[in-house]
Amino acid sequence: MAAHEFELTRNITIGQYLPTGSFIHRIDPRIKIVAFTVLVAAIAVCDTYAGNIIALSFVCLLFRLSRIPVGYGLSGVKPAMPFIVILAVLQLLFYGEVASGGTVYLKYGVIIITSESIRLVIVSALRFIEIIFVSSVLTLSTSTTQLTHGMASLLKPLKHVKFPVHELSLIITIAIRFVPTFAMEMEKMMKAQASRGAQFGQSAWWKIVERTKDMFPLIIPLFHVAMNRAEDLVLAMEARCYTPGGERTSYRKLRARPGDYLVLLFCLLFSLFLIWFPY
Amino acid sequence: MEKGLTVRKIVIAGVLGAVAILLGVTRLGFIPVPTAAGNATIMHVPAVIGGIVQGPVVGLIIGLIFGVSSFLNATIPLFKDPLVAILPRLFIGVTAYLTYAGFKRVSEFAAIGVAGFVGSITNTILVLTMAVIRGYLAPGVAVTVAVTNGLPEAVVSVIVTLAVVVSWKKLGNAGKKKSKISGDF
Amino acid sequence: MKQPLIRAESVSFDYVVNRNDVIPVLRDVSFSIYPGEYVAIIGHNGSGKSTLAKHLNGILKPIAGNVFVNGLNTKEDKYRRSIRQQVGMVFQHPDNQIVATIVEDDVAFGLENIGVPGEEMKERIDFALDAVGMSTYRNRPPHHLSGGQKQRIAIAGIIAMRPQCLVLDEATGMLDAYGRRDILRVVRKLHREGMTIVTVTHHMSEAAEADRVLVIESGRIVMEGTPREIFQQQEMLHQLQLDVPEASRMARLIHDQVPAFQSGLISQQEMIDEVRRLSGIRGADAG
Ligand SMILES: Nc1ncnc2c1ncn2[C@@H]1O[C@H](COP(=O)(O)OP(=O)(O)OP(=O)(O)O)[C@@H](O)[C@H]1O
Ligand SMILES: [Mg+2]
């Protein structure tokens with residue numbers, strides 16, 4: 001990582017919330033999470049050409065509805081393109097034996113290309129793009145805070161089987177809370193060490209051992225910082241009467257409107273359709 | 001001590017989860033060995049450390065955070081599949097803890113080191129197995145990746161785990177000794 | 001006299017690192033803090049100030065002796081929540097006290113813990129954010145705030161719980177001059193409105209604002225009195241590796257040259273007044 005890239009870490013966000021105020025933004029986060037999960041599951045199962053084309057059109061429609069430029073979704077796909085291509089080639093060349101159904105187009109040594117393996121390649125590429133798009137819509141239209149609250153609320157019934165729902169959501173909140181803090185800390189350490197002449201990732205890329213050694217002076221202090229902060233935070237939370245497993249009230253109340261349930265119903269039906277779609 | 005989640009367990013799971021996320025988004029935790037499954041990473045090390053210092057539940061939760069974040073940030077199709085990105089990660093901290101607990105009686109240092117190794121290998125093996133099952137990688141490719149990525153990952157994991165855990169537990173003559181204040185209700 | 005809010009009776013405390021490593025810190029410490037008081041605790045690094053402060057809300061419990069908060073013994077677990085609600089504590093590091101990802105959620109954290117109902121919470125959060133002058137930041141993530149602002153959020157999180165006493169353990173320790181000034185302004189205002197304040201500090205000018213100063217050395221209270229009484233004993237403080245406020249030192253210096261100038265001054269305002277008195281100038285606001 002070159003010196004001018006130091007500043008990058010300051011702007012880290014997990015999930016890049018883009019408030020456009022569309023109706024998708026206003027849907028109860030719990031509903032969105034359930035709908036998302038169902039959709040992803042359906043996409044993962046659906047392995048036909050037609051099904052995937054329909055699914056792809058549907059997720060593009062979601063971008064329109066949430067008034068988020070499709071560019072945001074594409075930017076998630078772009079860095080993956082080389083991998084998609086490499087993977088596709090590998091699958092195409094070596095997966096013929098496993099996906100041995102269909103017509104055999106080419107057979108040369110270990111290389112077997114069948115209509116089945118071609119389908120596998122195209123469908124998995126499409127699937128990947130669809131999943132990136134759906135998750136982009138979810139994270140762009142829902143803030144991380146909302147997502148965490150939604151998750152916690154969904155898991156609430158698990159309390160009856162002693163599952164620590166609130167504790168889990170607190171853990172996730174703390175994790176999200178500290179990412180930017182640690183990033184800034186990291187930046188400070190990099191600058192301090194750079195000023196003492198340390199170089200990060202300056203070694204040539206093939207010197208793997210060198211480059212790996214370069215990262216220890218950064219990574220290990222990062223863990224130390226985290227663990228030390230943890231001790232402080234424990235005290236601060238106790239000072240504010242926090243008791244794990246205790247009865248608490250909650251400030252944020254989630255309310256799902258009738259329209260939200262309609263959206264959920266629609267997503268469920270659509271997912272079922274994808275799963276059973278015969279072509 | 002093992003009675004559910006204490007404040008300390010919650011907080012340590014949280015901050016180590018933050019480190020796991022950070023190592024992923026900044027790519028700081030990447031070991032540059034380019035292979036079909038992307039770079040080798042040390043993003044799983046927080047789960048290993050969490051498992052060793054605070055037990056299997058904390059290790060599992062950090063693994064979950066790591067898995068979800070790698071799922072959300074995935075740039076390669078392999079990790080856009082929750083069965084590959086999330087499920088295997090739950091076991092990292094758990095196996096690390098079990099190893100540590102098993103070897104503790106032999107030697108604290110050895111236990112930490114071996115746990116760092118086992119936790120890392122758990123990640124490699126389970127992720128790749130899942131990748132083969134789900135049809136992203138051919139078995140032969142997976143074995144290659146296990147060697148080219150898995151080994152450097154395991155080595156780095158052992159070093160970082162030892163450095164962090166030994167000093168957290170104030171083993172040896174680490175100088176400034178501190179007792180952990182309360183935290184356990 | 002009024003009942004003390006906090007009463008420490010012969011408190012001793014050791015940190016137990018492991019079986020053969022015990023660090024003795026507090027030795028036979030007794031004192032009382034009365035409702036509405038402003039008490040400063042000073043002492044050099046490692047003298048035991050933070051350890052003492054952590055006894056005031058039962059985070060640490062005495063090994064010998066007792067601490068009572070409104071008559072409740074901090075050793076009894078069933079009073080823990082009540083004690084921590086009555087005595088709030090703000091720590092040194094601005095970043096290590098904020099739990100939530102959004103300012104108002106963080107202020108709500110303590111309220112959720114003590115079971116305040118949803119409707120009342122909103123009111124209390126509004127009040128607390130307003131009291132520290134951070135109302136406009138309620139929807140911000142904490143990493144967009146300066147150190148001083150984070151510290152004000154930490155204070156808001158405490159005062160939303162309506163404690164009777166606010167303990168600040170070097171709450172201004174990591175802040176620049178501006179951040180510190182903001183915090184002091186908030187603390188002064190809370191004190192005026194009746195909050196009991198206990199502040200641990202290395203800034204003697206902050207201690208000078210208190211009603212009473214406790215000086216700690218090796219886990220014992222070695223001096224106690226009004227800031228004026230304490231800061232007059234410059235030599236004694238010097239032996240304890242402590243300073244006096246800037247104003248005190250200046251006053252001393254001038255007094256040595258100009259005997260008419262009083263030497264026992266402890267604040268900037270007193271200095272200004274003394275200069276005016278001697279030179280016969282009366283400022284517009286002095287009448
Ligand atoms: N958690 C701990 N475990 C063991 N020893 C500790 C712990 N915390 C503090 N000590 C030791 O106890 C003594 C008193 O520490 P304390 O933090 O109370 O001092 P302090 O007056 O607040 O110092 P400072 O001005 O640096 O904040 C010191 O010698 C310190 O090293
Ligand atoms: Mg201190």
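Some observations on this one:
- For the range A:3-276, with +1 on Lys and Arg beta carbons and -1 on Asp and Glu, the positive-most of A:Gly73, A:Gly259, A:Thr144 along the dipole: A:Gly259
- Largest to smallest principal axis extent of the C-alpha atoms in the range C:6-226, angstrom: 47, 39, 35
- Using only side-chain charges placed at the Cβ, +1 for Lys and Arg and -1 for Asp and Glu, the dipole size of the range C:6-226 relative to its Cα centre rounds to 140 debye.
- Simple rule: put +1 on each Lys or Arg Cβ and -1 on each Asp or Glu Cβ in chain C, find the dipole, and look at C:Ser248, C:Gln233, C:Phe68; the Cα lying farthest toward the positive end is C:Phe68.
- Under a 5 Å amide H cut-off, with hydrogens placed 1.01 Å from N, C:Val198 pairs with C:Val39, C:Leu166, C:Val167, C:Leu168 among residues at least 5 apart or on other chains.
- Short-range pairs are left out: with C-alpha atoms under 8 Å and at least six residues apart, the relative contact order of the range C:6-226 is 29 percent.
- P(r) weight above 46 Å for the protein assembly as shown, C-alpha pairs, percent: 31 percent
- Rule-of-thumb Rg ratio for the range A:3-276 [Cα; 2.2 N^0.38 Å; N residues]: 1.27
- Of the peptides B:58-68, A:131-141, C:152-162, the order by per-residue mean of other Cβ atoms within 10 Å, starting with the highest, comes out as B:58-68, C:152-162, A:131-141.
- Peptides A:155-167, C:129-141, C:56-68 ranked from most to least packed by the mean count of surrounding Cβ atoms within 10 Å: C:56-68, C:129-141, A:155-167.
- Accessible area buried, both sides summed, chains C and B with 1.4 Å probe, Å²: 600 Å²
- Judged by the mean number of other Cβ atoms found within 10 Å, the most tightly packed of the peptides C:102-111, A:219-228 leads the ranking C:102-111, A:219-228.
- Peptide C:152-159 has a mean shielding of 1, counted as Cβ atoms of other protein chains within 10 Å of each residue's Cβ.
- Accessible-area composition of the protein assembly as shown, carbon plus sulfur, in percent [1.4 Å probe]: 61 percent
- With N counted as the residues of the range C:98-175, its alpha-carbon radius of gyration over 2.2 N^0.38 Å works out to 1.02.
- Extended-chain gain in nm, criterion 0.36 nm per residue less alpha-carbon gap, A:Lys191 and A:Val104: 25.5 nm
- Entry note, the range B:3-160: relative contact order of 23 percent, from Cα contacts under 8 Å with a spacing of 6+ residues.
- Other protein chain Cβ atoms within 10 Å, averaged over every residue that makes up A:178-188: 6
- Averaged over peptide B:158-165, the number of partner chain Cβ atoms lying within 10 Å of each residue's Cβ comes to 4.
The values are calculated or read from the model by the stated rules, or taken from the named source; none is laboratory data. Bear in mind the structure is a predicted one, so any value in this text is a computation, not a measurement. Quick reminder, even Gly has a Cβ in these numbers, built from the backbone with ideal geometry, and neighbours come from all protein chains shown. SASA here: full protein model, heavy atoms, side chains in, ligands and nucleic acids out. Shrake-Rupley method; radii C 1.70, N 1.55, O 1.52, S 1.80 Å.
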